[in-house]
Structure formats: structure tokens, C-alpha cells
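Shown next, in C-alpha cells, is the structure this report addresses.
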Amino acid sequence: MGGIKAFSSVMELTESQFERIADCLPRQRGNVGMTNLQLVNALLYIVEHGCKWRGLPKHFGNWHTIYTRMNRWSKAGVLDRVFARLQAEQILAVHIEYVCLDSTTIKVHPDGTGALKKTARRPLAVPGAGAPPKFIWLPRMTGVR
């Protein structure tokens with residue numbers, strides 16, 4: 001024991017399963033280092049484990065290549081067809097939801113978070129020297145001299 005365990009994913013397609021959905025995918029052209037089957041399995045790994053792109057295991061290939069092709073397929077509607085076909089062929093039961101995650105944070109003023117207000121009096125708020133007057137003096141003319 002103590003050895004490295006071989007990778008095994010629940011959502012990994014076999015060659016025969018992939019052949020049933022292969023017509024949904026664009027034909028590969030040119031000298032491509034990654035097959036569509038490898039890419040689909042990498043995407044299924046991301047879906048199953050919810051990891052970051054950079055956290056994708058090395059045996060899937062370069063994460064940036066996978067991301068780039070996935071982005072292209074997403075914009076072209078290929079991914080919608082693939083997941084619809086995976087469900088129609090009963091290869092995988094995938095519940096599709098649209099989720100958007102954003103890690104942007106915005107600092108809120110302490111008053112906006114429900115924090116208790118400071119109640120101690122400030123030295124300048126005490127009436128006396130240096131404090132602003134608590135009234136407004138408006139001179140008026142009451143008559144002509």
C-alpha cells in the first residue's frame with residue numbers, strides 16, 4: 001500500500017460511449033494534441049469535482065488548452081448539444097443549472113454592516129471653547145435710522 005492510486009472518475013466516458021455522441025462535436029482539423037474524448041472527460045472532471053482550471057490533473061493535458069476549446073464550444077452551442085445528447089442517450093444523468101461565481105469583494109462601511117455606533121462624546125462636541133455654536137445668528141434690520 002502507500003502507492004499512488006490510479007485516477008478513476010465516475011463521470012468519465014469510454015470509447016464506446018463517446019462514439020454515441022461524437023457527431024455533436026466539431027471535427028478535429030490539423031495537428032491536434034488532444035482528442036475530443038480527452039477534452040470531454042476533462043470537462044466532466046471539472047463538472048464533477050468543481051475544481052479550478054489550474055487544479056485540473058496533469059494527465060488531462062494543458063488546462064489552458066482545455067479552457068480555450070471549452071470556451072469556443074460554449075459560445076458555439078456545442079456544449080449544450082453534448083450535454084443534451086449525454087442525457088438523451090442515458091450515458092450520464094446530469095442536472096444542468098446555470099451558476100455564476102464571482103470572487104469580487106466590496107468593502108462596506110461599518111455603519112452599513114449593522115455595527116454599533118460610537119456613543120462616546122467627542123471633545124469638540126462639548127460646548128465650550130472651540131465648539132461650533134448651537135444656534136444661528138441672523139441679523140435683521142428692523143427699521144431705518
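For this structure, a couple of remarks:
- Members of the range 62-77 found to be under 16 Å from residue 28 (Cβ atoms) and crowded, with 18+ Cβ neighbours inside 10 Å, listed by number: 66, 69, 70, 73
- Among residues of the range 15-27, those that are within 16 Å of residue 79 (Cβ to Cβ) and either open to solvent by 30 Å² or more (accessible area, probe 1.4 Å) or free of Cβ contacts under 8 Å to residues at least 24 places away in the same chain (or both), counted: 4
- Filtering the range 50-72 to residues that are in contact (Cβ under 8 Å) with a residue 40 or more places away in the chain and assigned to a helix (DSSP H, G or I) leaves only 59.
Residue by residue, here is whether (1) closer than 17 Å to residue 11 by Cα; (2) at pLDDT 90 or above; (3) open to solvent by less than 60 Å² (accessible area, probe 1.4 Å) holds:
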| residue | (1), (2), (3) |
| --- | --- |
| 30 | no, no, no |
| 47 | yes, no, no |
| 51 | yes, no, yes |
| 79 | yes, no, yes |
| 89 | yes, no, no |
| 99 | no, no, no |
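The values are calculated or read from the model by the stated rules, or taken from the named source; none is laboratory data. The structure presented is a predicted model; accordingly, all values stated were derived computationally and were not measured. Cβ atoms come from the backbone with ideal geometry, glycine included; neighbour counts cover every protein chain shown. Protein only, heavy atoms only, side chains kept; ligands, DNA and RNA dropped before computing areas. Shrake-Rupley method; radii C 1.70, N 1.55, O 1.52, S 1.80 Å.
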